[in-house]
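Q: So that we are looking at the same thing, I have put the structure below in structure tokens.
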Amino acid sequence: MKNFTSVHDVSNLQQLVQEGLHLKQNPYAYKQLGENKTIALVFLNPSLRTRMSTQKAALNLGMNVMVLNMDKEGWALELQDGAIMNHTSVEHVKEAAAVLGQYADIIGIRSFPGLKNRDEDYSEAVFNKFVKYCGVPVVSLESATRHPLQSLADLITIEELKTRPRPKVVLTWAPHVKALPQAVPNSFAEWMCQADVDFVITHPKGYELAEEFTKGTTITYNQDEALADADFVYVKNWSAYEPYGKVLPGNEEWMLTLEKLKAGNQTKVMHCLPVRRNVELSDEILDSDSSVVIHEAGNRVWAAQAVLKQMLESL
Amino acid sequence: MKNFTSVHDVSNLQQLVQEGLHLKQNPYAYKQLGENKTIALVFLNPSLRTRMSTQKAALNLGMNVMVLNMDKEGWALELQDGAIMNHTSVEHVKEAAAVLGQYADIIGIRSFPGLKNRDEDYSEAVFNKFVKYCGVPVVSLESATRHPLQSLADLITIEELKTRPRPKVVLTWAPHVKALPQAVPNSFAEWMCQADVDFVITHPKGYELAEEFTKGTTITYNQDEALADADFVYVKNWSAYEPYGKVLPGNEEWMLTLEKLKAGNQTKVMHCLPVRRNVELSDEILDSDSSVVIHEAGNRVWAAQAVLKQMLESL
Amino acid sequence: MKNFTSVHDVSNLQQLVQEGLHLKQNPYAYKQLGENKTIALVFLNPSLRTRMSTQKAALNLGMNVMVLNMDKEGWALELQDGAIMNHTSVEHVKEAAAVLGQYADIIGIRSFPGLKNRDEDYSEAVFNKFVKYCGVPVVSLESATRHPLQSLADLITIEELKTRPRPKVVLTWAPHVKALPQAVPNSFAEWMCQADVDFVITHPKGYELAEEFTKGTTITYNQDEALADADFVYVKNWSAYEPYGKVLPGNEEWMLTLEKLKAGNQTKVMHCLPVRRNVELSDEILDSDSSVVIHEAGNRVWAAQAVLKQMLESL
């Protein structure tokens, strides 16, 4: 695997999931592989799980890790081609990316969307410039429209915990107080569409995701109907795709509660975290055995390690 | 040792001190012990000595180290159980702690008191939630009411530099411009009460520490009397316990000067640092041979390494 | 080499350059040298290239690396001797430096000039206090008046890419929107004066550098004349030395363009980065084969590694 920016970079999905599960049992079996290899983790935005789990994965593989909080330890980047840089941005992404590529064998980048300009966000303007100019393999630590390391961890979790060969997986929209990116639901949908699961998306009217991520999937506005017989319920807020980046009024009743989980504690509740308790998901769910969110977060290590292992093998 | 949050976690104080002194002579003798073990150092507040010395200690033991500035690289944590998280806090400590526990074998946490609500601070509300929810051993990098890695380094320093079997150790209050926590003096008192020293506390009226930390200790308002024949003088400011977190007017004359050190340069002056020069302690002391503050700061490495070694041995 | 703060710390310049080129071919040949040695990289100011390349260099040598963003992860330092510290600075550089020296075998420090008080900046007030009080070898990560790791990387680049034994090297002033330090041009001039090159400086009237760095060098206000037959053109903005730290009006025409490079793509264009595109240097140059700025930034690793190797050998 050269880059890891979406499910489309994965040649064999099932094999990658099995690699993750294998590494979970044998975390240090490939410490020679990363010897004298350096990964630079570049954050244009805050991060907890991604920051820590990717570091851990790289260390498990024997890699050197360098972390850069570009915004806080460095400076503002210019993204426009042809800009006359006489304002506040200090360095063009062309140089910043190319220079980082001189110091690392693999670069991880996190770059959130602005949620103002859909075309810019959905063209992955910032992220793709890094990929283009850095000259080394890139692993996405979440981009404007996708979060593939999260999705792989999600799929590993489903594979690990499923109790029937083709589980029913439901992605349900949840309320939030802020306008959030569509990256996690886009990515989750994109991965589930390629996985051996029965996948359903449910959300209020107006929260339709971009078609490129959900093509062929069952989508319903009836949350109750969607949740029936679900093996896994993936709870996540996102802002509207149209009007772009907006929070539509109402829909507080979409918060997931234990009562809504008809199948009782047979249903596993997932969330990428951080989660707003009692807004997206009730305390009673998060504190119950139905919740697998911590287990899922733990699997971020094995997802990242499986990806980095395949990237190291391609260097 | 499972957790290290106070002197009460130490089964054999003298042995732990000797372990520290042994490691000072043999820093790399236990590099195998930490192989493939990861410590996450989580800072909710700024840190210099604790940050660097604990990293060094962990590296000496062959551990992997991941540092997280929770406030700057992550986001605000919710601490209240049952909160409806529709305001500014992004993640509940329940999730944040549990997730970090997925990525580390040992977690170090620094969490200062708010100095507004004594019950909250003295119940170690934040710190104890981390301990409760992270699911792995925790080492305190300073909590609301204690700083045990500092106290152990202090005791190692006293053991190393003492010139008689049972030295006289004086904790003296010093002026400051800000309201500071009671964590360092609480902790120092608690450790000295268990050590083989003649311990005296002196401070202005109104700066009484909580009794649980000082029970049985000689406490006097007469600084001169306390300083007489002292082998070690530990200088430290703290805010009042009652009224909680307040700075009482006056008391500038409590600054320690060379003139006050009757025993001359036989007395060793200690301070946990950072120190406000010419407010807490005069330049003439800090720049003289009486000061052992740098030596003491250096011993932070061996204190942390002794603790981490015992924690690794219990994993 | 004990400290590395300027070209004057280098006993044999040509040998150090060759060491860098040798390490570029054999990055991991000296991994034993840094075993159990720790470098602390202390940043009082932002950094990208220096931060990442010095980490990489240290890791290549098998060292442990600890990074401290003093301003963000620590607190404000007091620099004045004798200060009564009852204001905002939390710790005196005397203590901060001495304590860091307890935790590291080598310390790297970055400290920019204030550009207000020339005497203070040119006496390297902050930097020299760190050197004086930390008690261990210091490598400059850029100080108020010099950036020797950059200059060494520049010289390595020239040595690597030159097409005749004694190339012509031109340092040309470039416009900028901010008042920048003189550290990079001072340092570059100082190193070129000792290298086997034909060195010329060109800048608008009023931008004369301090004589101590340029003594004996050809200096001209005629950029065209200077650029003629240049093998390497080093583009850099700096603020005036007199009146100190000021940007003089005009001089926008000093931006380097492809048209000005009479020798065509035979001339190599250098810049320490970050560069303001279309202010200091035109897009057409930076995006052409004339530019070697990324290659030059890559050489920062080998410069730092050569320096750290010699410092480790002197420990």
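The values are calculated or read from the model by the stated rules, or taken from the named source; none is laboratory data. Every value quoted in this text rests on a predicted model; they were computed, and no experiment measured them. Glycine gets a Cβ as well: all are built from the backbone with ideal geometry, and neighbour counts include every protein chain shown.
Q: Regarding the stretch B:81-89, can at least one residue be identified that is facing chain A (nearest Cβ under 7 Å) and either within 13 Å of B:Ala125 (Cα to Cα) or in contact (Cβ under 8 Å) with a residue 40 or more places away in the chain (or both)? It would help to see each step written out before you state the result.
A: Taking the stretch B:81-89 and keeping what is facing chain A (nearest Cβ under 7 Å), we get B:82-86.
Pick out the ones that are also either within 13 Å of B:Ala125 (Cα to Cα) or in contact (Cβ under 8 Å) with a residue 40 or more places away in the chain (or both) and you get none.
No: the stretch B:81-89 contains no residue that is facing chain A (nearest Cβ under 7 Å) and either within 13 Å of B:Ala125 (Cα to Cα) or in contact (Cβ under 8 Å) with a residue 40 or more places away in the chain (or both).
Q: Another question, if that's okay. B:Cys193 versus (1) crowded, with 24+ Cβ neighbours inside 10 Å; (2) in contact with a Gly (Cβ under 7 Å, 6 or more places away or on another chain); (3) not charged (D, E, K, R): which is the lone unmet condition?
A: (1)
Q: Among the numbered criteria (1) more than 20 Å from B:Val99 (Cβ to Cβ); (2) more than 18 Å from the chain's Cα centre (by Cα); (3) surrounded by fewer than 20 Cβ atoms within 10 Å (Cβ to Cβ), which single criterion is violated by A:Val200?
A: A:Val200 satisfies all of (1) more than 20 Å from B:Val99 (Cβ to Cβ); (2) more than 18 Å from the chain's Cα centre (by Cα); (3) surrounded by fewer than 20 Cβ atoms within 10 Å (Cβ to Cβ) except (3).
Q: Still on this model: Of the residues in the stretch B:90-114, how many are more than 11 Å from chain A (Cβ to nearest Cβ) and over 21 Å from B:Arg49 (Cβ atoms)? Lay out the reasoning, then the answer.
A: Kept after step one, since they are more than 11 Å from chain A (Cβ to nearest Cβ), are these residues of the stretch B:90-114: B:106, B:108-114.
Okay, now just the ones that are also over 21 Å from B:Arg49 (Cβ atoms), so B:114.
Summing the residues that are more than 11 Å from chain A (Cβ to nearest Cβ) and over 21 Å from B:Arg49 (Cβ atoms) in the stretch B:90-114 gives 1.
Q: Looking only at the stretch C:24-36, decide whether some residue is within 14 Å of chain A (Cβ to nearest Cβ), aromatic (Phe, Trp, Tyr) and under 24 Å from A:Ala98 (Cα atoms).
A: Yes; the residues of the stretch C:24-36 include at least one that is within 14 Å of chain A (Cβ to nearest Cβ), aromatic (Phe, Trp, Tyr) and under 24 Å from A:Ala98 (Cα atoms).
Q: Name the residue, out of B:Thr218, B:Thr257, B:Thr267, that is surrounded by fewer than 19 Cβ atoms within 10 Å (Cβ to Cβ), of a type in the set (Val, Ile, Thr) and within 17 Å of B:Asp289 (Cα to Cα).
A: Details: B:Thr218 fails: within 17 Å of B:Asp289 (Cα to Cα); B:Thr267 fails: surrounded by fewer than 19 Cβ atoms within 10 Å (Cβ to Cβ).
Within the list B:Thr218, B:Thr257, B:Thr267, the selection yields B:Thr257.
Q: Has the stretch B:286-302 got at least one residue that is surrounded by 23 or more Cβ atoms within 10 Å (Cβ to Cβ), over 29 Å from B:Thr257 (Cα atoms) and touching a residue at least 24 places away in the same chain (Cβ under 8 Å)?
A: Yes, some residue in the stretch B:286-302 is surrounded by 23 or more Cβ atoms within 10 Å (Cβ to Cβ), over 29 Å from B:Thr257 (Cα atoms) and touching a residue at least 24 places away in the same chain (Cβ under 8 Å).
Q: Out of (1) free of Cβ contacts under 8 Å to residues at least 60 places away in the same chain; (2) over 17 Å from the mean Cα position of the chain (by Cα); (3) within 14 Å of another protein chain (Cβ to nearest Cβ), what's the single condition that is false for C:Leu227?
A: (3)
Q: To continue, here is another question. So in the stretch C:288-315, with the set limited to residues that are over 22 Å from C:Ser140 (Cα atoms) and at pLDDT 95 or above, which one is nearest to the other protein chains (Cβ to nearest Cβ)?
A: Keep residues of the stretch C:288-315 that are over 22 Å from C:Ser140 (Cα atoms), which gives C:288-292.
Still in the list and also at pLDDT 95 or above: C:291-292.
On the way: C:Ser291: 10, C:Val292: 12 Å.
Residue satisfying both the conditions and the ranking: C:Ser291.
Q: Could you count how many residues in the stretch A:1-56 are within 28 Å of A:Cys193 (Cβ to Cβ), among the aromatic types (Phe, Trp, Tyr) and touching a Lys or Arg at 6+ places or on another chain (Cβ under 9 Å)?
A: Residues in the stretch A:1-56 being within 28 Å of A:Cys193 (Cβ to Cβ), among the aromatic types (Phe, Trp, Tyr) and touching a Lys or Arg at 6+ places or on another chain (Cβ under 9 Å): 0 in total.
Q: Among the candidates C:Asp154, C:Asp119, single out the residue that is free of Cβ contacts under 8 Å to residues at least 24 places away in the same chain and away from chain B (no Cβ under 14 Å).
A: Values: C:Asp154 fails: free of Cβ contacts under 8 Å to residues at least 24 places away in the same chain.
That would be C:Asp119, the only listed residue that is free of Cβ contacts under 8 Å to residues at least 24 places away in the same chain and away from chain B (no Cβ under 14 Å).
Q: Here is a follow-up. Just give me the residues in the stretch C:181-200 being outside any loop (DSSP other than H, G, I, E, B) and either closer than 25 Å to C:Lys116 by Cα or not hydrophobic (A, V, I, L, M, F, W, C) (or both), in sequence order.
A: Filtering the stretch C:181-200 down to residues outside any loop (DSSP other than H, G, I, E, B) leaves C:183-194, C:198-200.
Within the stretch C:181-200, C:Ala183, C:Val184, C:Pro185, C:Asn186, C:Ser187, C:Phe188, C:Ala189, C:Glu190, C:Gln194, C:Asp198 meet the criteria.
Q: For the condition among the aromatic types (Phe, Trp, Tyr) and more than 20 Å from the chain's Cα centre (by Cα), what is the one hit in C:Tyr221, C:Tyr207?
A: Numbers: C:Tyr207 fails: more than 20 Å from the chain's Cα centre (by Cα).
The unique qualifying residue is C:Tyr221.
Q: Okay, next question. For the stretch A:58-73, enumerate the residues that are at the interface with chain C (Cβ under 7 Å from one of its Cβ atoms), closer than 27 Å to C:Lys178 by Cβ and touching a residue at least 12 places away in the same chain (Cβ under 8 Å).
A: The answer is A:Leu68, and nothing else.
Q: Related question: May I ask you to verify whether A:Thr50 is touching a strand residue (DSSP E or B) at 6+ places or on another chain (Cβ under 8 Å), modelled with pLDDT of 95 or more, more than 14 Å from chain C (Cβ to nearest Cβ) and on the phi < 0 side of the Ramachandran plot?
A: Numbers: touching a strand residue (DSSP E or B) at 6+ places or on another chain (Cβ under 8 Å): yes; modelled with pLDDT of 95 or more: yes; more than 14 Å from chain C (Cβ to nearest Cβ): yes; on the phi < 0 side of the Ramachandran plot: yes.
Answer is yes for this residue.
Q: Okay, moving on. Condition first: part of a helix (DSSP H, G or I) and more than 16 Å from the chain's Cα centre (by Cα). Now tell me which residues in the stretch C:21-54 satisfy that.
A: Just the residues of the stretch C:21-54 that are part of a helix (DSSP H, G or I), to begin with: C:21-25, C:49-54.
Correct list: C:Leu21, C:His22, C:Leu23, C:Lys24, C:Gln25.
Q: Checking C:Asp283 against (1) within 13 Å of another protein chain (Cβ to nearest Cβ); (2) of a type outside the set (Phe, Trp, Tyr); (3) surrounded by 14 or more Cβ atoms within 10 Å (Cβ to Cβ); (4) within 29 Å of C:Gly114 (Cα to Cα): exactly one of these is not met. Which one?
A: (4)
Q: Only one residue in A:Glu252, A:Glu211 is farther than 18 Å from A:Leu155 by Cα, charged (D, E, K, R) and more than 13 Å from every other protein chain (Cβ to nearest Cβ), so which one is that? Full working, then the answer.
A: Working: A:Glu252 fails: more than 13 Å from every other protein chain (Cβ to nearest Cβ).
Selected residue: A:Glu211, the only one of A:Glu252, A:Glu211 that is farther than 18 Å from A:Leu155 by Cα, charged (D, E, K, R) and more than 13 Å from every other protein chain (Cβ to nearest Cβ).
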